[in-house]
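Below is one structure; the comments refer to it alone.
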Amino acid sequence: MIHIITSENRHLYGPQLWAMHEERRRQCVEKNGWVDLVVLDGGEIDDYDDHRAIYLLGFNDQMELEVGLRLRPTDDRCMLADKFAHLIAPGETPKKGPDVWEATRLFTTEAYRKRKGPGRGERVFECWAAAFELALRRGVTRFVGMIDMQLYPGILNSPIDTRLVGIPRPYEYGVVAGSEIAVSHDLLDRVLEAICRESPIGYEVDQLDLMAFGDLAAVQRQVTRAMTPQLTAGQERDETLAAETLFRLHDNTGQARRIWDGRARMLNA
């Protein structure tokens, strides 16, 4: 499961979001040496961490952070187009628009990178799968961003088709290039196939989830259980909640939301 955090549910993730900013400091400032970035109270923050930013975060069973990615609409501003326009070749398609989002600040934590055994490395693709799911629901057709070219060989070997939009340029910390990903159902299917998954990856937790299950860790366990085929039946209440959670995962009509809202009113009556 990847948690989708927007302006609507950000208030539920205070400690987790701060852990993300601290990890970005460790990755971007301490590891990569980008000393010109702003660090406030131990966390790396920039001017794109505003109310329009969408954070995709993955946690282990103990709710310890493992992976993260930031998405943001570009119809008002875009880091690539506004601050690094020299990375975009003449004649390229516009990198700002209502159907274009910018993907930045992808990271994995040191603890996760040290993990051994099956499934190691899948969390990054889970994060991208959740991003593509969300983009397809919102009518987004392209992601733009920037790539440090030392990572490019690994990107070429991934199921995600990433296109460079200009000639790579040297910068203070290496060589960087602008990039673009065309979002499609076929791309999402390839990523899901690569990690042997079929069900949705991303989930937007809200207050009703916390009312039903108690805390973020419990919600994550329930959603993960709903995503995972079960060989034997569990307790009736667990089976009912798992079925309703699965319904919410796949529901695009709002019907599932109305069911849970009605339950909440009954509980508070």
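A few remarks follow.
- Calculated diffusion of region 80-216, Stokes-Einstein form, Kirkwood radius summed over Cα pairs, 4 °C and 1.567 mPa s, µm²/s: 77 µm²/s
- Projected onto its three principal axes, the C-alpha set of region 165-220 covers 51, 31, 16 Å, listed from the longest axis down.
- Accessible surface for Trp128 stands near 30 Å², nearest 10, in the context of the full protein assembly shown (1.4 Å probe).
- Region 118-177: mean projected area of Cα convex hull, nm²: 5.2 nm²
- With every protein chain in place, region 1-151: carbon and sulfur % of accessible area (1.4 Å): 54 percent
- Residue-count net charge about Gly178 - beta-carbon cut-off 13 Å; Lys, Arg +1, Asp, Glu -1: +1
- Rel. contact order, % - alpha carbon contacts under 8 angstrom, at least six apart, region 64-191: 28 percent
- Distance between region 121-137 and region 187-204 - C-alpha centres, whole angstrom: 7 Å
- For the pair Asp47 and His11, label points projected 7 Å from Cα toward Cβ lie 2.8 nm apart.
- Think of a 1.4 Å ball rolled over the protein heavy atoms: region 1-54 then has 48 Å² of accessible area per residue.
- Cα-based Rg of region 17-171 normalised by 2.2 N^0.38 Å, two decimals: 1.05
- Point-to-point label distance, Arg77-Arg221, nm (Cα→Cβ direction, 7 Å offset): 4.3 nm
- Fully extended contour minus Cα-Cα distance, from Asn60 to Thr93, at 0.36 nm per residue: 8.0 nm
- All Cα-Cα separations within region 29-107 were binned at 5 Å from zero, giving a P(r) of 3, 12, 18, 22, 20, 13, 8, 3, 1, 0, each value a whole percent of the pairs.
The values are calculated or read from the model by the stated rules, or taken from the named source; none is laboratory data. Quick caveat, the model's predicted, so the values are computed rather than measured. Here the Cβ is made from the backbone with ideal geometry for all residues, glycine too, and neighbour counts use every protein chain on show. All accessible areas refer to the heavy atoms of the entire protein, side chains included, with ligands and DNA or RNA removed. Shrake-Rupley method; radii C 1.70, N 1.55, O 1.52, S 1.80 Å.
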